[in-house]
Amino acid sequence: MTDVIPQPRRMTAHEGDFFELGPDTRVAAGAGTERTERWLRATLGAATGLPLAPGTRDGAVEGDTVRLSLDGGLSTEGYRLVVEPTGVHLTGGGPAGLFWGAQTLRQLLGPDAFRRAPLPGGRWRLPPVRIEDAPRFPWRGLMLDVARHFMPKDGVLRYLDLMAAHKLNVLHFHLTDDQGWRVEIKRHPKLTETGSWRARTKYGHRASPLWEEKPHGGYYTQDDIREIVAYAAERNITVVPEIDVPGHSQAAIAAYPELGNTDVVDTTALSVWDTWGVSPNVLAPTEATLRFYEGVFEELLALFPSEFIHIGGDECPKDQWRRSATAQARIEELALADEDELQAWFVQHFDTWLAERGRRLIGWDEILEGGLAKGAAVASWRGYAGGVAAARAGHDVVMCPEQQVYLDHRQHAGEDEPVPIGFVRTLEDVYRFEPVPAELTADESGHVLGTQANVWTEVMENQARVDYQTFPRLAAFAEVAWSALPAPADRDFAGFERRMAVHYGRLDALGVAYRPPGGPLPWQRRPGVLGRPIDGPPPDK
Ligand code: ACM
């Protein structure tokens, strides 16, 4: 029962009986604890069938009570949970810490506390423990690519619940790519009318001969986004939207052909891309394109209150810019050296534009190449090097190296892995991932805001496939992001696996279609669908 994931900093069992939640148990919520109070009543109330009626907010609290309070002496995301036979006291350093403490409390109640309705005869016992806990990093992220395969709104809300259960607090929402545009932009309606669906889809890696010969698509209305952002906020999760520029933009160009390099390609003939890889069709570096995207970002800022806005910036092939007279004239006019500097100029435009509006730009590590304003942050994906360079240049960094925490990569070398992509990255590999490179000084390490696992969905056509790739590895990742683990070689993976034995029960209760330790179940396989496995051990760095 005390097999908590991610592992708390300090957990001590003390003498005494269990505390048992029952029909008379009350929740006494102090000032500032309302969010967690609501969550406890709604979520634990549903799982247990107990009313968890409000107790006195002030004054003496009697027994059989779960007391919620804040204590400014703890860190904002830290909490203390004390279970005595007579009552439970959960204290947060702030509303977020309190909420993470409530997640621990749910884990202590056992796997059935993760169901949405009670089983007959359930008992809700908490062991006598004292837990003091706080996260290692303030950015504990999951990136969902809803562009390659759309995840309907219900699925996103479900992932927010799964993130909360693992104390993850940043959803990086990859909303646009060559293969789809997923957010309603009122002033540019064709982005979703045209850009949110494709006529057919490559089934498997791009070298696969198979096609799914049916339309695929979907998008979130602005009200859907508001709901998602509010649902996340209620769970102390920040949603960081990504609109990818100037590459990965074919869906937008298919909707508005004038956004593309019209002097080198007939962009009116483009459709939303139906296969995988990096499209050569990138945005034209014109004033009209900048104005168009400023309009997009204006609507985005009204929807997403996050400090950071992700502008992509990765994998922008320069071939069209080399051949485009318009792009070349731009390079000359701006006195730039080459197309790489043109990309940097494009990114810097939005860096300044966002900073003027009180936000901060974050982008993939390619954005570092042309120089960045101080406030911008870098998501280091091509290994650690971009993050190291960024931290040394004084930029904040989110570590998400593809060699370690790209969860589209296969998790076993076996023949049965569905559509195997990339390196073999097992549960243990993820558990031994270290977000802070040893070569950084203490000062430089302070720029590592945290870490993020990225779920790219080219070969994940539905929720079950996303679950399979994401779990159980997200549980190991959550422990890396939250817990103060020792150096990778010294981590107690056997101990983690023992705790996972209980955690699988929680995932089962939540209905997560994880990869079982013994390998995929028959219906989790995709026999005959070509992947792109990469052999070889993980690089050191
Ligand atoms: C990326 O994987 N292109 C960020």
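Observations
- Breaking point among (1) in contact with a Pro (Cβ under 7 Å, 6 or more places away or on another chain); (2) open to solvent by less than 40 Å² (accessible area, probe 1.4 Å); (3) not aliphatic (A, V, I, L, M), for Asp416: (2)
Here is a yes/no grid of residues against (1) closer than 29 Å to Arg206 by Cβ; (2) touching a Leu at 6+ places or on another chain (Cβ under 8 Å):
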| position | (1), (2) |
| --- | --- |
| Ser445 | no, no |
| Gly450 | no, no |
| Gln463 | yes, no |
| Val480 | no, no |
| Ala487 | no, no |
| Arg491 | no, yes |
| Tyr504 | no, no |
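- Residues in the range 248-282 that are hydrophobic (A, V, I, L, M, F, W, C) and within 16 Å of the ligand (Cβ to nearest atom): 5 in all.
- Unique match (being more than 18 Å from Trp482 (Cβ to Cβ), modelled with pLDDT under 95 and away from the ligand (no atom under 16 Å from the Cβ)) among Glu439, Glu415, Glu444, Glu461: Glu415
- Residue satisfying condition, being out of contact with any Leu (no Cβ under 9 Å at 6 or more places or on another chain), farther than 23 Å from Asp408 by Cα and either among the aromatic types (Phe, Trp, Tyr) or crowded, with 17+ Cβ neighbours inside 10 Å (or both), within set Phe304, Phe297, Phe308: Phe304
- Qualifying residue in the range 397-410 (condition: under 20 Å from Glu458 (Cα atoms) and more than 14 Å from the ligand (Cβ to nearest atom)): yes
- Residue that is modelled with the lowest pLDDT, among those in the range 350-374 that are surrounded by 17 or more Cβ atoms within 10 Å (Cβ to Cβ) and outside any helix (DSSP H, G or I): Leu372
- Some residue of the range 352-375 being more than 15 Å from the ligand (Cβ to nearest atom), in contact with a Ser or Thr (Cβ under 9 Å, 6 or more places away or on another chain) and of a type in the set (Val, Ile, Thr): no
- Looking at the range 442-541, the helices (runs of 4 or more DSSP H) lying wholly inside it that each contain 2 or more residues that are among the basic types (Lys, Arg) sit at 493-510.
- Cβ pairs under 9 Å, 6+ apart, first in the range 311-336 and without any contact (Cβ under 8 Å) to a residue 60 or more places away in the chain and of a type in the set (Lys, Arg), second part of a helix (DSSP H, G or I) and within 16 Å of the ligand (Cβ to nearest atom): Lys318/Gln343
- Any hit, the range 232-247, residues being away from the ligand (no atom under 16 Å from the Cβ), of a type in the set (S, T, N, Q), open to solvent by less than 40 Å² (accessible area, probe 1.4 Å) and on the phi < 0 side of the Ramachandran plot: no
- Qualifying residue in the range 51-61 (condition: touching a Leu at 6+ places or on another chain (Cβ under 6 Å), open to solvent by less than 60 Å² (accessible area, probe 1.4 Å) and not in a loop (DSSP other than H, G, I, E, B)): no
- The one condition in (1) in contact (Cβ under 8 Å) with a residue 40 or more places away in the chain; (2) more than 16 Å from the ligand (Cβ to nearest atom) that Val455 fails to fulfil: (2)
- Residue match in the range 461-481 (condition: touching a Lys or Arg at 6+ places or on another chain (Cβ under 7 Å), open to solvent by 10 Å² or more (accessible area, probe 1.4 Å) and at negative phi): no
The values are calculated or read from the model by the stated rules, or taken from the named source; none is laboratory data. Predicted model only: the values in this text are computed from it and were never measured. Counting neighbours? That spans all protein chains shown, and the Cβs are built from the backbone with ideal geometry, glycine included. Areas reflect the complete protein model, heavy atoms only, side chains present, ligands, DNA and RNA absent. Shrake-Rupley method; radii C 1.70, N 1.55, O 1.52, S 1.80 Å.
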